Amino acid sequence: RDGGSPMHPRDALEFFQRFNIPHVPMSEHGVEELDTVIEAVRQDAETEGAVLYLLDRTRTVIGLVKIKSNHYVILRRIRESFKGSVINPIHKGELRGVDVGKGA
(Lines give C-alpha, C1' and ligand atoms only; values in the text may rest on other atoms or scores of the structure.)
Protein backbone atom coordinates (compact mmCIF):
# COMPACT_ATOMS: atom_id res chain seq x y z
CA ARG A 1 0.00 0.00 0.00
CA ASP A 2 1.11 3.52 -0.62
CA GLY A 3 0.99 6.01 2.26
CA GLY A 4 -2.14 7.89 1.20
CA SER A 5 -4.50 5.18 0.04
CA PRO A 6 -7.06 3.54 2.31
CA MET A 7 -6.83 -0.18 2.96
CA HIS A 8 -8.97 -2.26 0.63
CA PRO A 9 -12.14 -3.33 2.46
CA ARG A 10 -11.42 -7.05 1.89
CA ASP A 11 -7.96 -6.64 3.47
CA ALA A 12 -9.50 -4.82 6.42
CA LEU A 13 -12.12 -7.56 6.88
CA GLU A 14 -9.45 -10.27 6.80
CA PHE A 15 -7.41 -8.31 9.37
CA PHE A 16 -10.40 -7.99 11.70
CA GLN A 17 -11.25 -11.66 11.38
CA ARG A 18 -7.65 -12.81 11.90
CA PHE A 19 -7.43 -10.94 15.23
CA ASN A 20 -11.06 -11.48 16.29
CA ILE A 21 -11.80 -7.76 16.18
CA PRO A 22 -15.52 -6.96 16.17
CA HIS A 23 -16.62 -5.28 12.96
CA VAL A 24 -19.72 -4.16 11.15
CA PRO A 25 -21.13 -6.21 8.26
CA MET A 26 -19.68 -5.65 4.81
CA SER A 27 -21.44 -5.99 1.48
CA GLU A 28 -20.55 -5.22 -2.12
CA HIS A 29 -22.69 -3.30 -4.60
CA GLY A 30 -22.28 -2.16 -8.17
CA VAL A 31 -22.32 1.50 -9.13
CA GLU A 32 -25.82 1.03 -10.57
CA GLU A 33 -27.02 0.33 -7.00
CA LEU A 34 -25.41 3.42 -5.44
CA ASP A 35 -28.59 5.52 -5.14
CA THR A 36 -30.53 2.58 -3.68
CA VAL A 37 -27.80 1.80 -1.13
CA ILE A 38 -27.54 5.44 -0.04
CA GLU A 39 -31.32 5.70 0.36
CA ALA A 40 -31.43 2.46 2.39
CA VAL A 41 -28.72 3.73 4.76
CA ARG A 42 -30.51 7.07 5.19
CA GLN A 43 -33.80 5.34 6.04
CA ASP A 44 -32.28 2.84 8.53
CA ALA A 45 -33.18 3.94 12.07
CA GLU A 46 -31.06 1.14 13.60
CA THR A 47 -27.66 2.49 12.55
CA GLU A 48 -25.58 5.65 12.64
CA GLY A 49 -24.73 5.20 8.99
CA ALA A 50 -22.27 3.51 6.67
CA VAL A 51 -18.93 4.03 4.99
CA LEU A 52 -18.89 3.34 1.28
CA TYR A 53 -15.59 2.38 -0.31
CA LEU A 54 -15.48 3.50 -3.93
CA LEU A 55 -13.47 1.22 -6.21
CA ASP A 56 -12.44 1.72 -9.80
CA ARG A 57 -12.62 -0.96 -12.51
CA THR A 58 -9.32 -2.46 -11.34
CA ARG A 59 -10.76 -2.82 -7.78
CA THR A 60 -8.45 -0.08 -6.44
CA VAL A 61 -9.92 2.06 -3.67
CA ILE A 62 -10.35 5.58 -5.05
CA GLY A 63 -12.38 7.12 -2.24
CA LEU A 64 -14.49 6.77 0.88
CA VAL A 65 -17.91 8.31 1.52
CA LYS A 66 -19.65 8.45 4.91
CA ILE A 67 -23.43 8.28 4.73
CA LYS A 68 -25.36 9.11 7.92
CA SER A 69 -28.87 7.84 8.60
CA ASN A 70 -31.62 10.47 8.81
CA HIS A 71 -32.44 9.17 12.29
CA TYR A 72 -28.86 9.76 13.48
CA VAL A 73 -28.67 13.23 11.90
CA ILE A 74 -31.89 14.33 13.62
CA LEU A 75 -30.88 12.95 17.03
CA ARG A 76 -27.45 14.55 16.74
CA ARG A 77 -28.99 17.92 15.86
CA ILE A 78 -31.35 17.72 18.86
CA ARG A 79 -28.49 16.77 21.19
CA GLU A 80 -26.19 19.53 19.95
CA SER A 81 -28.98 22.14 20.08
CA PHE A 82 -29.86 21.12 23.65
CA LYS A 83 -26.21 21.18 24.65
CA GLY A 84 -25.65 24.62 23.13
CA SER A 85 -28.81 26.25 24.45
CA VAL A 86 -29.17 24.60 27.88
CA ILE A 87 -26.21 22.53 29.11
CA ASN A 88 -23.36 24.88 28.18
CA PRO A 89 -25.09 27.99 29.59
CA ILE A 90 -25.80 26.12 32.85
CA HIS A 91 -22.14 25.16 33.22
CA LYS A 92 -21.08 28.74 32.47
CA GLY A 93 -23.50 30.07 35.10
CA GLU A 94 -25.43 32.00 32.44
CA LEU A 95 -28.90 30.79 33.45
CA ARG A 96 -30.47 32.54 36.45
CA GLY A 97 -31.91 30.31 39.11
CA VAL A 98 -29.84 27.28 38.13
CA ASP A 99 -27.04 26.29 40.49
CA VAL A 100 -24.97 23.30 39.41
CA GLY A 101 -22.88 23.43 42.57
CA LYS A 102 -19.32 22.23 42.89
CA GLY A 103 -18.24 19.08 41.10
CA ALA A 104 -20.91 19.28 38.45
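The values are calculated or read from the model by the stated rules, or taken from the named source; none is laboratory data. For clarity, every value in this text was computed on a predicted model and none was experimentally measured. A quick note on method: Cβ atoms are made from the backbone with ideal geometry, for glycine too, and the neighbour counts reach across all protein chains shown. What goes into the accessible areas is simple: the full protein's heavy atoms, side chains included, and nothing from ligands, DNA or RNA. Shrake-Rupley method; radii C 1.70, N 1.55, O 1.52, S 1.80 Å.
Counting only residues that are open to solvent by less than 100 Å² (accessible area, probe 1.4 Å), part of a loop (DSSP other than H, G, I, E, B) and either within 25 Å of R76 (Cβ to Cβ) or touching a residue at least 12 places away in the same chain (Cβ under 8 Å) (or both), segment 1-23 holds 5 of them. Scoring V41 on the criteria (1) among the β-branched types (V, I, T); (2) touching a Gly at 6+ places or on another chain (Cβ under 9 Å); (3) exposed (fewer than 10 other Cβ atoms within 10 Å of the Cβ) leaves a single failure, condition (3). Within segment 1-36, the set of residues being at pLDDT 95 or above and of a type in the set (V, I, T) comprises I21, T36.
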